Structure formats: structure tokens, C-alpha cells
Ligand code: ZN
């Protein structure tokens with residue numbers, strides 16, 4: 001697609017307030033002329049993410065004037081039934097662990113399928129044909145609804161089901177966590193990296209009491225471990241590049 005075509009397009013970003021979706025929002029603001037955001041409230045334990053969203057939008061607009069002009073409305077869709085029926089460690093008080101099927105019990109079955117379908121219903125009305133999400137195949141989790149094949153199949157279903165040319169973009173799909181930090185640095189330099197450390201939330205337990213170099217969190221849950229590991233790997237690469 002040509003750069004001009006990109007400029008003339010409008011996107012809806014699935015924006016949770018976490019690290020990945022914030023990098024996706026920056027990625028979309030960098031290349032599309034109009035970008036709206038949508039968040040889902042499904043009773044997740046780490047709902048503190050949702051509280052981070054407004055602050056992140058404000059800071060992105062304040063620090064990046066070019067992006068401010070492109071950043072459109074924010075939307076919240078409430079899906080309390082998803083939390084009620086899925087019964088996972090993300091929505092009730094339980095230890096996060098691997099289940100017999102090899103998936104962590106943080107897996108909310110079909111969550112991303114629902115999210116994109118609701119997002120498409122909203123985007124249809126608002127004429128936003130590009131849906132953007134931070135799903136990633138290289139994640140530790142192996143959630144089947146994060147796979148590229150799943151999401152591209154869903155995009156096809158959405159096109160068939162709406163007769164609209166929806167596409168699903170997942171810029172982080174094949175990146176490691178360290179490469180996600182790199183992408184943020186490339187898009188918005190130190191200012192964006194700092195904003196991500198300070199204002200995004202990843203911890204599954206919703207903890208924001210302790211500030212580590214990589215951001216806030218309990219430091220022990222899988223999401224914190226993943227975030228910290230990626231951060232230090234990225235920092236290590238930066239240091240060795242600077243030493244050359
Ligand atoms: Zn944590």
C-alpha cells in the first residue's frame with residue numbers, strides 16, 4: 001500500500017492501556033490519518049489497565065503534536081458476561097498457572113474473536129476499516145486466538161459478514177518483547193519509551209505499588225516476568241550497540 005493510501009485511511013485500535021496496545025496505538029498514529037481507540041471492560045482483575053488509558057492518550061497527544069491531530073474518539077465497551085462465563089484466573093481470584101491442556105489459566109476462551117467482532121461493529125458505524133490489535137505469536141502464552149492465522153481468518157469472516165473491506169493489522173505479531181521496545185523507541189524515541197514505562201500497565205494482578213525500571217507491577221506474575229525480561233534484553237542490545 002502506498003504512503004498516500006495509508007494517510008487516507010482510518011483505524012480503530014484495540015487499546016487496553018497495556019504495553020503492547022500502547023505501542024500499537026503509536027504505530028497507528030504514525031501511519032494513519034485518523035485513529036480511534038476502543039477498550040473492553042469484562043471484569044478483568046487488572047482493570048487498573050483501563051484507568052491508565054486516558055492518561056496514556058493525554059500523554060501521547062501532549063508529547064507528539066503530529067499524533068494529537070490524528071487521535072480521535074475513545075470508546076469503552078462493557079462485556080461483563082465474558083468475565084462471568086469464562087471463569088479464568090484473569091477474572092477471579094486464583095493463582096495463575098498452567099492447565100492440563102498446556103494453556104495458562106489466564107486464557108479467556110475466544111476473547112480476541114469477541115473483541116474484534118465488537119470492534120468491527122463499532123468501526124462499521126464510524127467508517128474505520130483498519131482494526132489494529134497487539135496480539136503476538138511469540139508471546140509465552142500460546143493463546144490460539146492470538147495467532148495470525150486465526151485473526152486473518154476472522155478478518156475474512158468480518159468482510160463477508162459486513163460487506164465492508166475490513167482488515168486486521170497486528171504489528172507485533174512476529175516480534176519478541178525486546179523488539180516491541182525497539183519499535184516503540186523507533187516510533188517515538190526516549191519520550192515514548194519513558195511514557196510506556198511510566199504509564200502502561202501489564203501486571204495480571206493489577207498491582208501498581210512498586211516501580212521497577214521496566215514499570216509498575218508485582219514483578220512475579222507471567223506478564224511482569226515477560227515485560228521485565230523483554231526490557232532488559234532490549235537494554236542489553238542498546239548497550240552493546242552503543243559500545244560498538
Ligand atoms: Zn505482575
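Before moving on, here are some points about what is shown:
- Enclosed volume per residue, in Å³, of the convex hull spanned by Cα atoms of the range 122-192: 105 Å³
- Residues 20, 127 arranged by fewest to most Cβ contacts within 10 Å: 127, 20
- Global form of the range 150-189, assessed from the alpha-carbon gyration tensor, a/c cut-off 1.5: oblate
- For the pair the range 197-224 / the range 163-181, the C-alpha centres are spaced 23 Å from each other.
- Within the chain, helix-based [θ] at 222 nm, where runs of 4 or more DSSP H residues each add -39,500 (n - 2.57), nearest 500: -16000 deg cm²/dmol
- By the Stokes-Einstein formula, at 1.567 mPa s and 4 °C, the chain with its Kirkwood radius over alpha-carbon pairs has D equal to 71 µm²/s.
- The chain: relative contact order in percent, alpha carbon pairs under 8 Å with at least 6 residues between: 21 percent
- Remark: the range 105-234 is approximated by an ellipsoid whose semi-axes, taken from the C-alpha gyration tensor as √(5λ), come to 29, 17, 14 Å, largest first.
- Computed FRET value (nearest 0.05) for residue 78 with residue 33, which takes r as the C-beta separation and R₀ as 35 Å: 0.75
- Each of 186, 229 has some number of other Cβ atoms within 10 Å of its Cβ, and from fewest to most they run 186, 229.
- Taking the chain as a Gaussian network of alpha-carbon nodes connected by springs under 10 Å, the highest mean-square fluctuation of the residues 54, 182, 44 belongs to 54.
Read-outs: derived from the displayed coordinates by stated rules, not from any lab. This is a predicted model, so every value here is computed, not measured. Heads up, the Cβs are rebuilt from the backbone with ideal geometry, glycines too, and the neighbour counts pull from every protein chain shown.
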